[in-house]
Amino acid sequence: MRILQVVHQFLPRYSGGTEWYVAGLSKGLRDRGHQVEILAGGDGHGPGFWEGMPVTTVPGGLRGTKTPAAGFLATFRNRATEGVFLDALRRFQPEVVHFHHLQGLSGRLPELARGRAATCFTLHDYWFRCPTSQLLDHRGRSCAGPAMGVNCSQCAAHRIGGGLWHLPLLAAAPVFAWRARVVPNAIALCDRLIAPSQFLADLAVRNGLPAAKLRTMDFGIAELPLSRQQWRPRPSGGKLRVAYIGSIHPSKGVDTLVDATAKVAPGLIEVSIAGEIAAYPEYARRLQAAATTLPVRFLGSLDRAGVAALLADSDVLCVPSRWYENSPLVVTEAFAMGVPVFASDIGALAEKVGDGAGGLLHPPGDSAALARLLEQAATQPGLMPGLRHSIRPVLTRAGHHTAMEEVYSELRNRTTVVAAS
């Protein structure tokens with residue numbers, strides 16, 4: 001089968017969860033005998049290769065546009081990207097086009113693909129509702145949505161520093177309200193929509209995406225370098241080993257974990273924080289300053305082997321996010337290693353973890369509540385073994401690729417394709 005993957009940015013220049021997912025899916029499909037090409041936004045232009053697969057880069061995407069305003073306007077139309085996309089349809093003649101993200105590319109791409117290939121769209125985040133994709137307002141708090149464009153215009157004004165731009169951007173609320181209609185309508189043109197969590201699927205339906213086209217599918221995980229059997233129990237009388245793995249960003253609530261550590265009785269826990277310190281240096285400096293006298297160590301960014309080794313030597317993973325996490329891979333990785341998760345009771349985390357089913361939940365941003373959970377885990381002998389036993393089996397990445405093959409085959413078999421012109 002000929003499959004074209006479309007994403008707002010790609011490896012190696014850009015490295016994030018969506019990019020790595022597209023890379024893994026593309027490689028897995030290629031290894032199963034399919035022909036796969038990738039079209040991605042970026043700060044360059046032209047053909048290239050990744051792992052032997054053709055990659056066409058177009059100026060655009062999340063960081064490839066010259067200004068944030070240009071990236072926003074590309075939501076409605078980007079003639080350069082549309083031309084390259086049509087060229088790819090004519091040259092490669094894909095049987096399936098799989099869209100992963102259109103931020104900074106063009107919202108018209110699904111329309112251009114109609115009649116030329118079967119199409120599907122994976123909702124990796126909340127871009128269909130929020131221009132920044134995270135549903136966080138300018139204060140870093142969960143956002144209810146555009147509110148007729150008013151919330152979006154306030155957020156935009158804050159992000160560029162206010163000043164003389166503040167009033168014109170507030171007056172732009174109708175443009176953001178228009179975007180809130182255009183983007184869901186564009187995505188709805190695809191033949192199949194995929195969401196990695198029921199929370200995201202339900203939110204998509206409430207925002208106008210057709211329920212009949214939506215399918216909830218877990219992304220699965222690639223095999224970790226270490227197995228569940230290699231997890232090392234906490235030594236008798238030892239401290240509770242707490243891990244955080246992810247971005248060092250305010251939306252991830254790492255400060256909630258640091259604050260909670262300060263509230264736990266001394267000598268009960270030790271905390272390891274893994275994530276790139278340099279990405280958000282000011283926030284990272286505040287965290288390090290707050291943790292100076294606490295049993296907290298900062299490990300920096302870890303590769304998959306490092307992640308597996310840390311999980312194998314941890315009793316609990318904390319995911320104290322403030323934003324509506326979609327389907328964080330690290331939770332699945334922890335479950336694969338048999339490590340329970342303490343997470344914020346928000347978004348798909350509540351669905352993925354479940355209170356008592358593989359982990360425990362606390363209100364987002366509530367360091368006192370998280371501290372209570374950590375103290376209970378450290379002092380109640382039966383709590384963690386019970387949570388560990390309640391962890392459900394996880395889907396493998398190979399299983400997910402098989403499910404995607406089935407989606408592609410179904411779409412191809414029921415889609416009438418006309419010659420690209």
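Odds and ends about this structure:
- Complete set of residues in region 306-332 that are surrounded by fewer than 23 Cβ atoms within 10 Å (Cβ to Cβ) and of a type in the set (D, E): D313
- Taken as a whole, the condition of being in contact with a helix residue (DSSP H, G or I) (Cβ under 7 Å, 6 or more places away or on another chain), among the hydrophobic types (A, V, I, L, M, F, W, C) and closer than 20 Å to L226 by Cα applies to L317.
- For region 226-268, the set of residues classified as within 29 Å of the chain's Cα centre (by Cα), more than 24 Å from A336 (Cα to Cα) and modelled with pLDDT under 95 consists of H249, P250, S251, listed by residue number.
- Filtered residues of region 251-274 (kept if out of contact with any strand residue (DSSP E or B) (no Cβ under 7 Å at 6 or more places or on another chain) and either buried (at least 17 other Cβ atoms within 10 Å of the Cβ) or among the charged types (D, E, K, R) (or both)): K252, D255, T256, D259, A260, K263, V264
- Residue count for region 206-215, restricted to those that are in a strand (DSSP E or B) and in contact (Cβ under 8 Å) with a residue 60 or more places away in the chain: 1
- Where helices (runs of 4 or more DSSP H) fall wholly inside region 1-88, the ranges with 1 or more residues that are in contact (Cβ under 8 Å) with a residue 12 or more places away in the chain and of a type in the set (V, I, T) are 17-31.
- Looking across region 181-205, the residues that are more than 25 Å from L329 (Cα to Cα) and not in a loop (DSSP other than H, G, I, E, B) come down to R181, V182, V183, P184, N185, A186, A188.
- Region 107-123 residues that are within 14 Å of N185 (Cα to Cα) and assigned by TED's automatic domain parsing to the domain that holds A204, paired with ones that are at pLDDT below 95 and among the small types (G, A, S) (beta carbon under 9 Å, 6 or more apart): G107/A74; L112/S106
- The single condition from (1) more than 22 Å from M404 (Cβ to Cβ); (2) charged (D, E, K, R); (3) crowded, with 17+ Cβ neighbours inside 10 Å that E37 fails is (1).
- Looking across region 333-354, the residues that are surrounded by fewer than 20 Cβ atoms within 10 Å (Cβ to Cβ) and either over 18 Å from E223 (Cβ atoms) or in contact with a Gly (Cβ under 9 Å, 6 or more places away or on another chain) (or both) come down to D345, A350, E351, G354.
- Single match in S327, S344 (criterion: closer than 20 Å to V258 by Cβ and either among the β-branched types (V, I, T) or within 24 Å of the chain's Cα centre (by Cα) (or both)): S344
- Pairs where the first residue, in region 341-353, is free of Cβ contacts under 8 Å to residues at least 60 places away in the same chain and the second is in a helix (DSSP H, G or I) and surrounded by fewer than 24 Cβ atoms within 10 Å (Cβ to Cβ), C-beta under 7 Å, 6+ apart: F342/L373
- Answer residue from region 89-106, given it is of a type in the set (A, V, I, L, M, F, W, C) and part of a helix (DSSP H, G or I) and is nearest to I187 (Cα to Cα) among those: L89
- Just so you know, in region 355-374 the residues that are over 22 Å from the mean Cα position of the chain (by Cα) and aliphatic (A, V, I, L, M) include one that is surrounded by the most Cβ atoms within 10 Å (Cβ to Cβ), and it is L370.
- From the options A88, A144, A113, A118, residue that is over 18 Å from the mean Cα position of the chain (by Cα) and closer than 19 Å to D202 by Cα: A144
Each row is one residue, and each column tells you yes or no for (1) closer than 21 Å to W20 by Cβ; (2) among the charged types (D, E, K, R); (3) not assigned by TED's automatic domain parsing to the domain that holds V341.
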residue: D191; (1), (2), (3): no, yes, yes
residue: I194; (1), (2), (3): yes, no, yes
residue: F199; (1), (2), (3): no, no, yes
residue: V205; (1), (2), (3): no, no, yes
residue: G208; (1), (2), (3): no, no, yes
residue: R215; (1), (2), (3): no, yes, yes
residue: R234; (1), (2), (3): no, yes, no
residue: R241; (1), (2), (3): no, yes, no
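The values are calculated or read from the model by the stated rules, or taken from the named source; none is laboratory data. It should be emphasised that the depicted structure is a prediction, and the values quoted were computed from it without experimental measurement. As a convention, Cβ positions derive from the backbone with ideal geometry for all residues, glycine included, and neighbour counts pool all protein chains shown.
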